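**Q** Mind having a look at this structure? Questions to follow.
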Amino acid sequence: MSASTIVISQPKVALLSRVCDYIELTKPRIAVLELVVVLAAGVVATWGQPAPGLLAHAMLGTLLVAASASAANQWVERRQDARMTRTAQRPLVCGRLSGTEAIAFTVICLAAGTLELACFTNWTAASLAVLTWVAYVIIYTPLKVISPINTAIGAVSGALPVLIGWTAMGSEIDSRAMALFLVLFLWQFPHFMAIAWLYRRDYAQAGYQMLTVVDSTGDRAGQGGNR
């Protein structure tokens, strides 16, 4: 391989690296889960016969808003992330992306996602998406260093995509929608408590007030915070 080939390929490698950093900013595993939830809600809401185009717009809009929320979350928590082994290599912590870039990405994705839902589905779905963003970024994220109740708020924001997908199909929120919402809401407690127990030392070092931190025995986390 010639030196000129190496020089030519370097910009491509740098571009690919930045793209990967922006993808990491979106927390892709969470984004994929939310897409699955919107897809399932859209199918159930229409009794198995969703309009493909409408469902695609609902998924794209939700994906963009979710990406914005994750980016904002990482910007707010960048100092805490630097203290935890599991998050110490994130783009903002390592300086691969700047705070300005993260904020710009957050604003663009939030605006694009909200407009996507408002213009191609309906304003109810768009409003629920914004509510999800607010619950996750404005309420849940700051609460993580204040009170263990943050987990319940996070579970609400994690379950709201059910209602986004549901209403995006033009369906009224009924008992079926609320049943799906509650299933996803309740599932998040054992799911998160298991993660919080595995990373309890990381969370403690970062100053997060998780149940596994405030009660190191794990008893309250095992009870789902009911005590």
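The values are calculated or read from the model by the stated rules, or taken from the named source; none is laboratory data. None of the values given here were measured: they were computed from a predicted structure. Glycine also receives a Cβ, built like all others from the backbone with ideal geometry; neighbour counts cover every protein chain displayed. Only protein heavy atoms, including side chains, enter the accessible area calculation; ligands, DNA and RNA are left aside. Shrake-Rupley method; radii C 1.70, N 1.55, O 1.52, S 1.80 Å.
**Q** With the requirement that a residue be surrounded by fewer than 21 Cβ atoms within 10 Å (Cβ to Cβ) and either acidic (Asp, Glu) or more than 16 Å from the chain's Cα centre (by Cα) (or both), what does region 89-107 give you?
**A** Gln89, Val93, Cys94, Gly95, Arg96, Ser98, Gly99, Thr100, Glu101, Ala104
**Q** Which count do you get for residues in region 36-57 that are closer than 15 Å to Gly158 by Cα and open to solvent by less than 40 Å² (accessible area, probe 1.4 Å)?
**A** Selection size over region 36-57: 3.
**Q** So, one more: What number of residues within region 110-137 are without any contact (Cβ under 8 Å) to a residue 60 or more places away in the chain, assigned to a helix (DSSP H, G or I) and surrounded by 15 or more Cβ atoms within 10 Å (Cβ to Cβ)?
**A** 11
**Q** Let me ask something else. Looking at the structure I just gave you, is Pro28 within 19 Å of the chain's Cα centre (by Cα) and either modelled with pLDDT of 95 or more or under 21 Å from Gly99 (Cα atoms) (or both)?
**A** The answer is yes for Pro28.
**Q** Here's something else I'd like to know. Looking only at region 138-167, how many residues end up being among the aliphatic types (A, V, I, L, M), closer than 12 Å to Val37 by Cβ and assigned to a helix (DSSP H, G or I)?
**A** 4
**Q** From the list Leu33, Leu60, which residue is touching a helix residue (DSSP H, G or I) at 6+ places or on another chain (Cβ under 8 Å) and either among the hydrophobic types (A, V, I, L, M, F, W, C) or crowded, with 21+ Cβ neighbours inside 10 Å (or both)?
**A** On the way: Leu33 fails: touching a helix residue (DSSP H, G or I) at 6+ places or on another chain (Cβ under 8 Å).
Every option except Leu60 fails the conditions.
**Q** Scanning for something open to solvent by 60 Å² or more (accessible area, probe 1.4 Å), modelled with pLDDT under 95 and either within 29 Å of Pro52 (Cβ to Cβ) or not charged (D, E, K, R) (or both), does region 165-174 turn up at least one residue?
**A** There is no residue in region 165-174 that is open to solvent by 60 Å² or more (accessible area, probe 1.4 Å), modelled with pLDDT under 95 and either within 29 Å of Pro52 (Cβ to Cβ) or not charged (D, E, K, R) (or both).
**Q** Just for region 71-81: of the residues that are without any contact (Cβ under 8 Å) to a residue 40 or more places away in the chain and either out of contact with any Leu (no Cβ under 6 Å at 6 or more places or on another chain) or not in a helix (DSSP H, G or I) (or both), which one is most open to solvent (accessible area, probe 1.4 Å)?
**A** So the residue we want is Arg79.
Okay, residues lined up against (1) within 21 Å of the chain's Cα centre (by Cα); (2) in contact (Cβ under 8 Å) with a residue 24 or more places away in the chain; (3) buried (at least 20 other Cβ atoms within 10 Å of the Cβ):
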site	(1), (2), (3)
Ala179	no, no, no
Val183	yes, no, no
Gln188	yes, yes, no
His191	yes, no, no
Leu198	yes, no, no
Ala204	no, no, no
Ser216	no, no, no
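**Q** OK, next. Would you mind telling me which numbered condition in (1) of a type outside the set (D, E, K, R); (2) in contact (Cβ under 8 Å) with a residue 12 or more places away in the chain; (3) open to solvent by 10 Å² or more (accessible area, probe 1.4 Å) Met84 fails?
**A** Exception for Met84: condition (3).
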